Every structure is written in structure tokens, then in C-alpha cells.
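The values are calculated or read from the model by the stated rules, or taken from the named source; none is laboratory data. Remember, it's a predicted structure, so these values are computed and weren't measured experimentally. So basically every Cβ, Gly included, is an ideal-geometry build from the backbone, and we count neighbours across all protein chains shown.
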There are 2 protein chains.
Amino acid sequence: MSQRKNMLIAQSGGPTAVINASVVGAFHRAVTASDIHHIYGAYNGIVGVLKETFVDLKKQDRRTMDGIQYTPSSALGSCRYKLSSDFEHEDYRRIFDVFDAHKIGYFFYNGGNDSMDTAMKLNAYARKIGYDIKIIGIPKTIDNDLVGTDHCPGYGSAAKYINTSILESAFDCNTYTARTVVLIEVMGRHAGWLAASASLAAFEGERIVDLVYLPELPFDLDTFLSQVEEVYREKGKVFVAVSEGIRDKSGEFILAGQSQHDEFGHSQLGGVSLYLQEMVQANITKRVKVINPGILQRCAAHCASKTDLDEAYWIGYRAVDLALQGYTGFMAGIKRESNRPYKWSVELTALENVANKEKAVPREWIVPEGNYVTEECIEYMKPLIMGEVYVPAWEGLPRYVQLKKDFIPPKLEKWHDEKG
Amino acid sequence: MSQRKNMLIAQSGGPTAVINASVVGAFHRAVTASDIHHIYGAYNGIVGVLKETFVDLKKQDRRTMDGIQYTPSSALGSCRYKLSSDFEHEDYRRIFDVFDAHKIGYFFYNGGNDSMDTAMKLNAYARKIGYDIKIIGIPKTIDNDLVGTDHCPGYGSAAKYINTSILESAFDCNTYTARTVVLIEVMGRHAGWLAASASLAAFEGERIVDLVYLPELPFDLDTFLSQVEEVYREKGKVFVAVSEGIRDKSGEFILAGQSQHDEFGHSQLGGVSLYLQEMVQANITKRVKVINPGILQRCAAHCASKTDLDEAYWIGYRAVDLALQGYTGFMAGIKRESNRPYKWSVELTALENVANKEKAVPREWIVPEGNYVTEECIEYMKPLIMGEVYVPAWEGLPRYVQLKKDFIPPKLEKWHDEKG
């Protein structure tokens, strides 16, 4: 008779509006599984594994567990911590000591491509040392840049928020008769999926955003200014969406200020809209409005997409299903079955084919002039923002919840980083 | 037997999320009034009167007329056009020629203190020339700075949007263990009501925003930095709300860039958060996040307050009521009857007591240290963000509507500004 194992789930990388729906989905599948005993959540991703900061999800208030699916941003906290490529590194020994001490037989890591790198390495290390564990990656990222999945949970909600903001801003700007240029700066480090989504907002059949600039193509200021001016002359009002990640032809980011680098070597971006505002003001018109929603794009759960929320939930649910069937070393992705009606299923991709890779907007989905996306791209994005989520309210604000940080007693000595 | 007169309504000043609810309320009262014949809307405020660009609101599709109450930003357009203080100015003659040509006996102007100035002058001129017309001002402004009303329609929805954003941003920032300073820049030219509202957002009984800086008190950078640092040392995470309108002790706006002036002599503000970000980075920590929702604050109808929407509607409704009773030269304001339960009624204030005045946050509602508001102030603001508005959706986005610009045939020659 096989002994029941415990399950561990953790979250990593940047927040999304629906990331917790995946944890709830995984939890709902796991509580009914006879092979799974305890269901633990590690706080702050792999760092929480190293630190042994686990909560017992079955002991959480059940209403809170349900409520976190409407709550933005990782309920289990997050981290940006890269595992060494060298299996001799002490982190591996430590992580598997922790796994072993807590009889972890199932590990789910919910995150972007950096998280899939972590999951891949842990899976390979487990095989190497012969540790019996099933490891599945659960995708999430507003950037939509993971390979091995048609699109990423989190993307649709960010796109819905951005397009709602664009629609409302257009009503704001059209109130006045004055000619105006509006610039919206959209998140997306290297891939332009989120900026591309700005093409969705429409009113009475007409698209609101006139020009879209993605990081997939080199950005040329003169071309930009002449394209903006052309629309300005013709329509008087110009709505431009620009990715925070646009770069010039030598690959340098277009920034008003300086760039910095985070722990993964990513540049901390921002400010491109301010730079472009200055340029438009100097060359076309003083009336330039800048919209830079910043982190609101990834946490606006009050404006989440129902399609996105449901997908995040079911991907979590099915990830546990697949691990119970014996799969390991895969990411559970979304395969689009049809567009009208919109249908999808789960597909598995080996983690090594996902980790550290980035899926850009394909060149053929960008118009030849490089300043908009094609109808095919729009058809791809359209279903992902569909459906409304009505978050319960309390005193006029969304009633978000948080898990109780009742950590289970550690079984090992403190991790070296925390010691005296 | 008295001849039936026509009614004219127009909107002016900056948009709000619920400004059109007042037009719908006024329309709903007017259609049932036996004394009112045609119900006209002038496009782009008083400029639309000068230009004679009127639509017949009874001829609009009734579903659209209902739909505009959920649509942000003035459905009848807006303007920033100041009437001369000199009644000899040709604008007056022109406006009353237009009124007379269209048999306008009721005029409603929906706007802020500049709009009340316009309504006041027209009312005085009408008395001077003996023209029989009832003129009532219908307040709106996210700034909440009008006197003669407990608060202004538009304010509650802006406050709800800001606090929803603050709540969601807090979840975003708390995902990471890193110490962070978050700065949110809130609209409000001279009055700090909207920045003050940032004190509402709370989670599990604890306020999210630690420090609030209003334009009512001179801003001192050193004091600011030491107050931020104190919270930073104590809590590690600091959430600061700052009004775009803060000024130093000599009265100069705190700005990163240059200031400009619009037609009413108001400074076009922006950028204070960028300046403060630099200062915090230079003195406390590099990890500073800036949230600057800009115009989204005044147009986010998808996040409107039901209380605010209802008030905007009923103020419009009652304004027509009062004009029918013979009142003229007043603004229809809100009188708070009680806080728990929240109740209000309509009260009239003479336009000359409203026009060009600004109501600031009283000193006694700001804590002695100048960096937060009092419980009394919070109690005042709390009811105004209550209740959710579920905007009908279409293809994943709010289903906003616009009136058809079917202008009625002009009866006079073109206004000089449009000639030749």
C-alpha cells in the first residue's frame, strides 16, 4: 500500500489579478485526492521552501480560501530568487531536505518563465538524486510571454483593465474640442502582448487607439513623430499605446531616466511615456496627456476578466490532476481549441522547453508599418478579456482577503540566511 | 394661459464619472413637466449656446438617454470659457438672442465653480434686461471644492476609484518582502479633498495609507522626508498619498517639470510624485513606486460609487423641480441630514455665494502634524464611496453610449468665432 504524500504549492514572480485562482483550483482538486494528505503553501516562493515557512491550507478558514481567488497578487507571497545552475549548490540539498522532512510528493510552482526555470531545475535534481516527487509548473504572467501555452493566465485581466482605462480616457478626452495626443504606457518587459492588447478598445465599431508600438520592433523616434503627426493632422485627436520595453535599433531601452537591474538581470523600466511626451510637445503639440497605470495593470482584480479567472482556476485544478496521474517536469498550459465559440483544453509542455524562453508577438501579427497589430492578432486577444467578475464589496471597496500566516512547526534547523 | 417654455441644459469643466446622471435626472423630471416643451442640450457648455449647437433630448433614442448615466465624462461635451464681467460684452447679447430665438425659459448649467460663475452672470444679466428665465446650477467636481453643498457629485466616485487602486496596490506591494515606499499622486488643484480620501482604504481594520499631504498646508521637503523615514524604519513599507497641488511656504507648486496655465488661469499640474520619488530615492531608499492615475481618477465609471451616482441623478432631477417652482439664481446642493444612516436632502444656495469660491479641507480636519486627516474627516467621506454600480458590458468592456449629434436647425446667423 502506497503511503500518502503531502503536496506543496508556491507562487513566484510579479503579481497578477487572478494568480490566486490557480491556488484555489489546485486546492479544490487536491482536497478530494486520496493520494494527497496535507496541502501546504510555501510563503514567498522557493525562498519559503528554503526557509520552511509553510502554511497548512486545509486549516485555513474555508471562506478565506474561496475568497482569495478574487484577491489580486500572490496570496502566498512571491520572490525573485534564481537557483544556481550548479546542482552542487547548497540550495538544492536544503530544498530536498525540506521536501523530505515534510514528505512532499507533489510540488506546484505558479509563476512566469523564471519560475519555470526553478521548477525545471528542481525536477532535474529530483531525478538525479532519485527523489520521488511530481513537479508541475502553473503559468501566470500579465506579459503573456511564456511558450508552451496559447496564452497566460493573468494576461486577459491586465488587458481588460488597460482597455477599460483606454475607453474611459477616450470619453474624457473627447469631452473637449481641443486637439490632443494621448499616450498610454503599457507594461511588458520584452514582449509586446499587453501593448498589443490596447488595440481591442473600440467604440461604435471604431478602434480607439490609433498607433501601437511594441518592443518586438526597433523604435525610431522620427518615424514615430511623423506617424503621430499624420493622425494628428487627419483626426485632431491621437491615441498612442506604447510598450515600456521599446528599444532603439541598437537595442537600448527608450527611457526618460536611468535604467536599473533587478536580481534576474531585468531592467527596471519606466518613463518612456514621459520621454515621448516631451518629444511630441517639442514637435507636434503641447497638449499631450500621459496615462501610466503602472502596477495597477497587474493587480486590478476589481476589473478582472471572467475568462481569465476561470482559466487560472482550471489550470491549477488540472495541474494537480496531471501530477496525480504521474506527470512531472511539465508546465500545464492552455491549448486553444476554437475561437468562435471560444474553447480551450490543457496541454503539457516539458519545463525545459518553457524555462527562460520568451514568446514575442510574431512579426506577421504586426502590420508592415510596425505601428499596429493585425486583425488576426486582435481575434486572438478578443476572447481573453470577456466576462465580468463581480468581487464582493465591503464598505465601498472590494472585499479582498488574506490567508492566515499560521506557519507549521519547522522540522529542520534555520536556513543559513536567517541564522544569527 | 401661460405659454410653455423650452429648457436648455449644458455641461462644463472637467469630467466626472457620474456627471451624466445629472442630465438624465433633469431630463426625467422635465419630460413629465407640463410647463416644459422642448428639452434641449447645448454641446460644449456655454460655447454651444454661443454656437447654437443644440440637440433635442426628447428625440434621442431613449435607451441611449438612460445609458449615458453610466457613461463617464460630459455627454454634452464641455468647455472652459469664461464670460466677461462686463455685461456690455457681445457674448451676453448673443446668448440671450439665442435663448430668445429658442424660447428658452429654463437653463441648467452642470459644472464646478467656473460654471457657477457663468450661471450667476447669466442670471444677473437676465434680471438686468428683464428676460424671464429660471437658471439653476447643478454641481459636479471630483475636487469637492464647491461651497453651498456638503459635497459634490463626482467626488465619491473618484474617491472610490482611488481607494480601490490603493487597496490593490497594497496587495501588490505586500507580495514582496522588500521594504518599499509607494507614492500615489492624487488630483485636486487647490483643495485636498481627493487626496484626503486616500485615508479611507483599509484592510482588516488597518488603514493602508500612512501619510497624506494636502495643498491646504505648506509643504516642507525636510519634514516630509523625516516623516516618511520614520514610518519606513518602523514598518518597512510606507504608503504616501500626495495632492498634485501641494505648494511650498512661498506658495509655489512642488513640481518636477514646468507649470503652464489654462484659459481660467489654473496651473496645469503634474509631476510632483516624480519629484518626491527622486527625493526619497536620494535620501531613504531606491525602492520607490509611483502611482499616478491621472485622468483615470475622473472618468473611471466602471468603478463608480452608487451613492454618488444616485446623488448626481437626484440633484439633476430636483434642480428642474425647483426651477419649475420659480427658483432662479441658485445652485442645487446637497445637505447632509445624518451620517448613520446616511441621509441627505437638496438645499439651495445663491450662485453669488458659490461662484469662484473654493472650499478647502478645514484645518481642524487635518491632524496637528499636517500629515493625515482626522477621524471626523474620515466619517464625512466614508458614506460617499458606498455602493457598487454594475455597468452593462459588451465584448468584455463597459457598454458606454453617446448621444447622437443631430443638431436642430439654427435660428440665427453663425457666431462670429465661426464665421469666415
Being in a loop (DSSP other than H, G, I, E, B) and under 20 Å from the mean Cα position of the chain (by Cα) is the filter here; which residues of segment A:381-390 pass it? A:386, A:387, A:389
Considering only segment A:51-81, state which residues are aliphatic (A, V, I, L, M) and within 13 Å of chain B (Cβ to nearest Cβ). A:68, A:75, A:76
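Just to be sure, is residue B:395 outside the structural domain of residue B:23 (by TED's automatic domain parsing) and free of Cβ contacts under 8 Å to residues at least 12 places away in the same chain? Before the answer, list the steps.
Values: outside the structural domain of residue B:23 (by TED's automatic domain parsing): no; free of Cβ contacts under 8 Å to residues at least 12 places away in the same chain: yes.
In short, no.
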Out of B:307, B:349, report the one residue that is out of contact with any strand residue (DSSP E or B) (no Cβ under 6 Å at 6 or more places or on another chain) and modelled with pLDDT of 95 or more. B:307
Residue satisfying all of: in segment A:155-165; closer than 13 Å to residue A:381 by Cα and small (Gly, Ala, Ser); farthest from the other protein chains (Cβ to nearest Cβ) among these: A:158
Scan of segment A:231-245 for residues that are away from chain B (no Cβ under 14 Å), within 19 Å of residue A:289 (Cβ to Cβ) and surrounded by 17 or more Cβ atoms within 10 Å (Cβ to Cβ), ordered by number: A:231, A:232, A:238, A:240, A:241, A:242, A:243
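Within segment B:356-373, is even one residue within 14 Å of chain A (Cβ to nearest Cβ), over 22 Å from the mean Cα position of the chain (by Cα) and of a type outside the set (D, E, K, R)?
The initial filter retains those residues of segment B:356-373 that are within 14 Å of chain A (Cβ to nearest Cβ), namely none.
No: segment B:356-373 contains no residue that is within 14 Å of chain A (Cβ to nearest Cβ), over 22 Å from the mean Cα position of the chain (by Cα) and of a type outside the set (D, E, K, R).
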Filter segment A:392-402 down to residues that are part of a loop (DSSP other than H, G, I, E, B) and touching an Asp or Glu at 6+ places or on another chain (Cβ under 9 Å) and give me whichever is nearest to the other protein chains (Cβ to nearest Cβ). A:396
If I filter segment A:8-19 for residues that are surrounded by fewer than 20 Cβ atoms within 10 Å (Cβ to Cβ) and within 12 Å of chain B (Cβ to nearest Cβ), do I get at least one hit? no
I'd like to check something: does segment B:212-232 contain any residue that is of a type in the set (Phe, Trp, Tyr) and farther than 17 Å from residue B:371 by Cβ? no
Specify which of the listed residues (A:281, A:297) is within 25 Å of the chain's Cα centre (by Cα) and modelled with pLDDT of 90 or more. A:297
Among the residues of segment B:340-355, write down those that are closer than 30 Å to residue B:240 by Cα and either within 22 Å of the chain's Cα centre (by Cα) or buried (at least 17 other Cβ atoms within 10 Å of the Cβ) (or both). B:342
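Quick check on residue A:82: is it in a helix (DSSP H, G or I), in the same structural domain as residue A:322 (by TED's automatic domain parsing) and closer than 24 Å to residue A:332 by Cα?
Working: in a helix (DSSP H, G or I): no; in the same structural domain as residue A:322 (by TED's automatic domain parsing): yes; closer than 24 Å to residue A:332 by Cα: yes.
Taking the combined requirement at face value, the residue does not satisfy it.
Whether any residue in segment A:42-63 is in a loop (DSSP other than H, G, I, E, B) and surrounded by fewer than 19 Cβ atoms within 10 Å (Cβ to Cβ) is what I want to check. Working first, answer last.
Quick first cut of segment A:42-63, residues in a loop (DSSP other than H, G, I, E, B) only: A:43-44, A:52-53, A:60-61.
Remaining after also requiring surrounded by fewer than 19 Cβ atoms within 10 Å (Cβ to Cβ): A:61.
There is at least one residue in segment A:42-63 that is in a loop (DSSP other than H, G, I, E, B) and surrounded by fewer than 19 Cβ atoms within 10 Å (Cβ to Cβ).
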Would you be able to say whether some residue in segment B:209-230 is modelled with pLDDT of 95 or more, under 29 Å from residue A:71 (Cβ atoms) and surrounded by fewer than 20 Cβ atoms within 10 Å (Cβ to Cβ)? no
Does residue A:389 count as more than 14 Å from chain B (Cβ to nearest Cβ) and either surrounded by fewer than 22 Cβ atoms within 10 Å (Cβ to Cβ) or in contact with a His (Cβ under 9 Å, 6 or more places away or on another chain) (or both)? no
Being farther than 27 Å from residue B:168 by Cβ and either touching an Asp or Glu at 6+ places or on another chain (Cβ under 6 Å) or part of a strand (DSSP E or B) (or both), is that true of even one residue in segment A:366-380? yes
In segment B:272-322, what count of residues is obtained for those that are basic (Lys, Arg) and touching a Pro at 6+ places or on another chain (Cβ under 9 Å)? 1
Take the residues in segment A:300-321 that are away from every other protein chain (no Cβ under 14 Å) and over 15 Å from the mean Cα position of the chain (by Cα), then tell me which one is farthest from residue A:396 (Cα to Cα). A:321
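Scan segment B:272-292 residue by residue and report those that are assigned to a loop (DSSP other than H, G, I, E, B) and more than 9 Å from chain A (Cβ to nearest Cβ).
Here is the first cut: in segment B:272-292, the residues assigned to a loop (DSSP other than H, G, I, E, B) are B:284-287.
Hits for segment B:272-292 are B:284, B:285, B:287.
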Regarding segment B:407-420, can at least one residue be identified that is modelled with pLDDT under 95 and at positive phi? yes
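Would you point out which residue out of A:324, A:296, A:351 is among the hydrophobic types (A, V, I, L, M, F, W, C) and within 14 Å of chain B (Cβ to nearest Cβ)? Spell out the reasoning first.
Working: A:324 fails: within 14 Å of chain B (Cβ to nearest Cβ); A:351 fails: within 14 Å of chain B (Cβ to nearest Cβ).
When all the criteria are applied, what remains is A:296.
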Within segment A:166-207, take every residue that is among the charged types (D, E, K, R) and touching a Ser or Thr at 6+ places or on another chain (Cβ under 7 Å) and give me the one that is farthest from the other protein chains (Cβ to nearest Cβ). A:179
